[in-house]
Amino acid sequence: MEKTYNPNSFENKIYQNWESKGYFNPDNSQAATDNPNKDKPFLITMPPPNVTGVLHQGHALFASIEDAYARWKRMLGFKVLWLPGTDHAGIATQLMVERLLESEGTSRVKVGREEFLKRTWQWKEEHGGIIQKQLRALGSSCDWSRERFTMDDESNIAVKESFLRFYHKGLIYRGERLVNWSTGLDTAVSDLEVVKKTVNSNLYHIRYDLEDYSGSLTVATTRPETLFADTAVAINPKDDRYKDYEGKKIKLPLTDRTIPIIADEYVDTEFGTGALKVTPGHDHNDWKIGQRHNLESLSTIDRNGLMMKPAGEFKGMKVKDARKATIAKLEEQGLLLKKEPHTHEVGHCDRSGVAIEPLISTQWFMKMDSMAKNALAAAKTSNQEKRALRYFPEFWDKTYFEWLENIQDWCISRQLWWGHQIPAWHCSDCLQITVPKTMSDGEPTKCIHCGSEKITQETDVLDTWYSSGLWPITTLGWPNDSADLNFYYPKTKYSDEREPKELYSLMETGSDIIFFWVSRMLMMCTELMDGRIPFEDVYLHAMVRDEKGQKMSKTKGNVVDPMDIINEHGADALRLTLLVLSGGGRNVNFNIKRLEGYKAFLNKLWNAVRFTMPNLSDSEVNGESGGGKSIPYKLPSEAELRESNFVNRWILSRLNETIQEVNKYFQDYRFDMAFNTTYQFVWYEFCDWYLECFKSSDKSKTDKQTLAFCINQILHLLHPIAPFITEEIYRALPGNADKALMMQPYPEEYDSSTLGNVDDMKTFSNLKELVEGLRNFRTENTISPKKEIFACLLKRDEATWPMIAKFVEPLARLKLSLNESDLEGKSTGKVSTANFDIAIPLDGLVDFEAESKRLNTQINKISKELEGLNKRLSNRSFLERANPAVVEKTEKEQSKLSTKLKSLEESLAALKA
RNA sequence: GGGCAGUUAGCUCAGUCGGUAGAGCGCCUCCCUUACAAGGAGGAUGCCGGGGGUUCGAAUCCCUCACUGCCCACCA
């Protein structure tokens, strides 16, 4: 082994080996026949990154989490299918190719649909594949042999088939509705793709005169230019001011139309003037009012954002200009009564940034209510403990419920070219639509209504999220009755009860796409799979931000490229950091300092093994002499352990506790805790104490076997979160050259009946306390660490001393070579614990002042603690009401501290004398 | 307007049956002791956001306020 940990020298090599051996493919599972989990499925469908994307910290985070979990489950014996793939990312990809064409001096429209698609595929071939390489660099153990793309042939089949089924079930329909139109993208978008932005605008008060000029109403609006499509003015029925207006006709300014005055509860009497112009053709609320009152819907803005015929002389103007012109005209006619600054939220296109123009358009929609009901039921059962679908962190289910309970139909058609073209055919003879019952015989050639052959396929494509919504089933081969679908797709129905631990599938993704993706998968897949939900646990991680909690963005210049980190520090350090910081689903404020700390830990581990190595080559440990089969790295027998020293029993029982905790934390998706627990154990117990003790041990067979067992178990424990270094070290261990750690069973709690009994634990803490006291004495008196101290043991616990004696001297660098008589007439310092007193002659070692200061500091500290304990123990209520175990613990602590205090005070007195 | 998170050491964050607060980095002192200076030994640092309540005891449970971040939303 090299002297220092150098991840670059082996990470690639290790990954290539794993992949070439086929370890990622669950068909090659190596679980032992007696493993209780053998042949049980476990499915993680990877959230598909954009096919032409490059790895960012968000990807690195999901890959770290999913890989850690997949590796843990795999080592537990499950057949783990972690299925990778990429997404065609409709709008995003189309925009990139459009930009490319623009740079060539042409455009999408100029080259035409066919050529455009050709160029897009070409773009995909050229720019795809990068992210797969990067996911490999992170150590992702996903099954590349099953990799998929949302627009590959199988996905095409699945998307079409699902569309036909949804359509014929009445879950997909076509209709004229008010939709969110993005003039920036020239397509309709769904509600989720509209983001609200705060806009400083004006509220215009406009006078509308009654038809008979017997009075007028003043409406307040931010969009005067839409008045050309007004079809009513609404007032609140409870508004006394306008009681007499309801049912009357009112003149629409700048036009020759008259429109009715209606009463609707929606109108807020407090806002504006309490009179609302109703434009069902260009406003979502007005659309709803229109539905309630059977109002006509007019359009005055077209798909290019230009004014239409109803706008009269403003026809052809851009909306923005038309607004100015309308205001000017109103002002001219004396109808503009007031203009006041107004700040409000306006919907903008998430992708292109332009203001969304609500307008009436014929689109395809998916009916959501019935599917939402089932998706809701999956997470909301009468017995919440056994709900089929669980969110982690749990608070996400509230968000999920909230959305599903208020769900609107989903506009799934897009006027784009890059995507899945909708499998519906328009007949130019009878104008009806043909959606075939099946497409197994190919595309339809005749209209099913009139038989005409003049049919053409719908040009709209489906929202990218439509194919994403089917991803868990398309990747398994649906609609075919494939082996993977049968084996890996969860059996749990939305209406089932499930034991939380009976888990065979996980969805892990960013919390920002809980609606876009998670909810839709649940609805669509559950519908198509006879009520079986696509995954049972959903773990949602937060966004990766910089160390100040700011979003990473190029303009801020705070972007951290995970590939840079991997190149400089290795994938394991990055994984550890992301896993720890994302613990419990919290925000991930990436901090390079944390990463450096965790990398230091990996170096520590590396060196611990380097030290261990020579002690593992002993044939007594790794093989019986005489050529018998060796059983390395196994737990020493009960008898062997009982005969050996307490340090072995102590470390083994601490290891056992660590194993239990780590498994529990994995189960709860607490990767941070799983790692921290191991970190603390490895560094502060295994390295700092166990290895130091080992150096002074007899290095007996049992001693060495204990060491070997611990090292081996530690590597196993850490493998899911730091796969590269653990695999590299594992293979370097004697006898492991052609083994693979990733395919070994995960550590499980072992029978500890003869291990860490209470006495061993106590003996160890005695040792630790004494050594620490002596080290403290040395430092406080500024005695060089090099200088050996000669001392005398005054008081000792007879039962414990023989066990710890040989460790105390080397660990504290002192010699207990003096007798009590040697101390006579000399000033001595004293190190005391509850069970031991050690006297150290001070001549030539320390100045008395320093020693008296040290003693005083300790006395003060202990007195203070003792004071607190005394106070509690003299409180009758505490004694009466507190848990007896707590009282007992407090009493013990009190007596321990008293003894120590007394001893320190004696020392101080002796020093003064 | 509604909801969800968060507020703990100088910085980034743990703290899952309430028992008197921890880690990493940074800081101070000493040490290149043959696994590790990416290390070792020792040390300093906290009105656990404010206020109120429950309790023998609260960072932890309840109420309330403040601030930060995010999500949803139909006041034109």
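Every read-out reported here was derived from the displayed coordinates using simple, explicitly stated rules and does not represent laboratory data. Given the structure is predicted, the values throughout are model-derived calculations rather than measurements. Please note: Cβ atoms are built from the backbone with ideal geometry, for glycine as well, and neighbour counts cover all protein chains shown.
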A:Lys249 and A:Ala885 label points (each 7 Å along its Cα→Cβ direction) are spaced in nm at 8.5
In whole percent, the Cα-Cα distances of segment A:74-167 spread across 5 Å bins from 0 upward as 2, 10, 16, 17, 16, 14, 11, 7, 3, 1, 1, 0
In chain A the cysteines whose Cβ sits 4.7 Å or more from every other Cys Cβ are A:Cys142, A:Cys349, A:Cys411, A:Cys525, A:Cys687, A:Cys693, A:Cys710, A:Cys792
The farthest towards the positive end of the charge dipole of segment A:643-800, of the residues A:Ala740, A:Thr678, A:Cys693, given +1 on Cβ of Lys and Arg and -1 on Cβ of Asp and Glu, is A:Cys693
Restricted to pairs 8 or more residues apart or on different chains, the lysines in segment A:471-612 with C-alpha atoms under 23 Å apart form a number of pairs equal to 9
Karplus-derived 3J(HN,Hα) from phi for segment A:306-316 (6.51 cos²θ - 1.76 cosθ + 1.60, θ = phi - 60°), whole Hz, x at Gly and Pro, runs 10, 5, 9, 3, x, 7, x, 5, 8, 3, x
Full extension between A:Lys739 and A:Phe395 adds, at 0.36 nm per residue less the Cα distance, a length in nm of 119.6 nm
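About the Cα centre, and with charges only on the beta carbon of Lys, Arg (+1) and Asp, Glu (-1), how big is the dipole of segment A:497-555? Nearest 20 debye, please. Don't skip to the end; give the middle numbers.
Working: 8 positive and 11 negative charges, 90 e Å.
Using Cβ point charges on Lys, Arg, Asp and Glu, segment A:497-555 gives about 440 debye.
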Sorted by chain and number, the residues with a modelled amide H under 5 Å from that of A:Leu43, at a separation of 5 or more or across chains, are A:Leu81, A:Ser505, A:Leu506
The alpha-carbon pair-distance distribution computed for segment A:145-191, with 10 angstrom bins and whole-percent values, is 21, 27, 40, 11, 1
Using alpha-carbon coordinates alone, the radius of gyration and Dmax of segment A:14-141 in Å work out to 19.2, 67
Given all pairs of distinct Cα atoms, segment A:794-837 yields a Kirkwood Rh in Å of 11.8
Here D for segment A:278-386, in µm²/s, from Stokes-Einstein with a Kirkwood Rh over Cα pairs at 20 °C and 1.002 mPa s, works out to 121
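Could you work out the helix-only [θ] at 222 nm for chain A, with each DSSP H run of four or more residues adding -39,500 (n - 2.57) and the total divided by the number of residues, to the nearest 500 deg cm²/dmol?
Using -39500 (n - 2.57) per qualifying helix, the result is -13000 deg cm²/dmol.
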Interchain or sequence-distant (5+) residues whose placed amide H lies within less than 5 Å of the amide H of A:Phe149 are A:Thr86
Log entry: pair-distance distribution for segment A:816-863, C-alpha pairs binned every 10 Å from zero, whole % per bin is 22, 51, 25, 2
Quick calc, segment A:193-317, dipole around Cα centre from Cβ unit charges on Lys, Arg (+) and Asp, Glu (-), nearest 20 debye, gives 260
Residue by residue through segment A:46-61, the couplings from Karplus 6.51 cos²θ - 1.76 cosθ + 1.60 with θ = phi - 60°, in Hz, x for Gly and Pro, are 6, x, x, x, 4, 4, 9, x, 10, 4, 10, 4, x, 5, 4, 5
With the label point 7 Å along the Cα-to-beta-carbon line of A:Glu906 and a cut-off under 19 Å to each amide N, the hits in segment A:806-833 are A:818-833
From the Cα centre of segment A:260-295 to that of segment A:421-479, the distance in Å is 38
Going through A:Lys169/A:Lys367; A:Lys699/A:Lys786; A:Lys38/A:Lys79 one by one, the pairs whose alpha carbons sit over 18 Å apart turn out to be A:Lys699/A:Lys786
Burial-style ranking of A:210-217, A:134-141, A:687-694, average other-beta-carbon count within 10 Å with highest first, yields A:134-141, A:687-694, A:210-217
Least to most buried among A:Tyr679, A:Tyr266, A:Tyr5, by other C-beta atoms within 10 Å and fewest first, runs A:Tyr266, A:Tyr679, A:Tyr5
With label points set 7 Å from each Cα along the Cα-to-Cβ direction at A:Ser495 and A:Asp34, the distance between them in nm comes to 4.3
Of all GluC sites (Glu not before Pro) in segment A:4-109, the ones in DSSP coil with at most 16 other Cβ atoms within 10 Å are A:Glu104
So the FRET efficiency between A:Glu749 and A:Asp239, C-beta based with R0 = 51 Å and rounded to 0.05, is 0.10
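Select from segment A:1-91 those trypsin sites (Lys or Arg not before Pro) which occupy a DSSP coil region and have at most 15 other Cβ atoms within 10 Å, ordered by residue number.
Hits after loop and neighbour filter: A:Lys3, A:Lys38.
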Fewest to most Cβ atoms within 10 Å: A:His282, A:His127, A:His716 sort as A:His127, A:His716, A:His282
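At 0.36 nm per residue, minus the direct Cα-Cα distance, what do A:Ser214 and A:Ser863 gain on full extension? Give it in nm, one decimal, please.
224.5 nm
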Fewest-first ordering of A:Ile422, A:Ile729 by Cβ atoms within 10 Å yields A:Ile422, A:Ile729
Mean Cβ-within-10 Å packing, highest first, puts peptides A:461-468, A:836-843 in the order A:461-468, A:836-843
Under the 7 Å Cα-to-Cβ spin-label approximation, A:Ser852 and A:Glu126 lie apart by a distance in nanometres of 8.5
DSSP beta bridges in segment A:202-355: the antiparallel percent, rounded to 5, is 90
Rounded to whole angstrom, the alpha-carbon centroid of segment A:772-837 lies from that of segment A:1-68 at a distance of 51
Plugging the Cβ-Cβ distance of A:His284 and A:Lys338 into 1/(1 + (r/R0)^6) at R0 = 35 Å yields, to the nearest 0.05, a FRET efficiency of 0.85
Rounded to whole angstroms and listed largest first, the alpha-carbon spread of segment A:128-168 along its three principal axes comes to 45, 19, 14
The extension gain from A:Val346 to A:Asp564, computed as 0.36 nm times the residue separation minus the Cα-Cα distance, is 74.6 nm
With Rg from the Cα atoms and Rh as the Kirkwood inverse mean 1/r over Cα pairs, chain A has an Rg/Rh of 1.11
Computed for chain A: size of charge dipole around the Cα centre, +1 on C-beta of each Lys and Arg, -1 on C-beta of each Asp and Glu, debye to nearest 20, value 1100
Cα-Cα longer than 27 Å, checked against A:Lys160/A:Lys446; A:Lys196/A:Lys324; A:Lys3/A:Lys704; A:Lys249/A:Lys288; A:Lys3/A:Lys762; A:Lys795/A:Lys861, kept in input order, equals A:Lys3/A:Lys762
At 4 °C and 1.567 mPa s, the Stokes-Einstein diffusion coefficient in µm²/s for segment A:355-484, with hydrodynamic radius from the Kirkwood sum on alpha carbon pairs, is 72
Ranked output for segments A:398-405, A:320-327 by mean other Cβ atoms within 10 Å, highest leading, reads A:320-327, A:398-405
Check: C-alpha center segment A:486-561 vs C-alpha center segment A:704-720, spacing in Å is 33
One finds, for A:Phe487 and A:Met439 with R0 = 25 angstrom and r their Cβ-Cβ distance, a FRET efficiency to the nearest 0.05 of 0.40
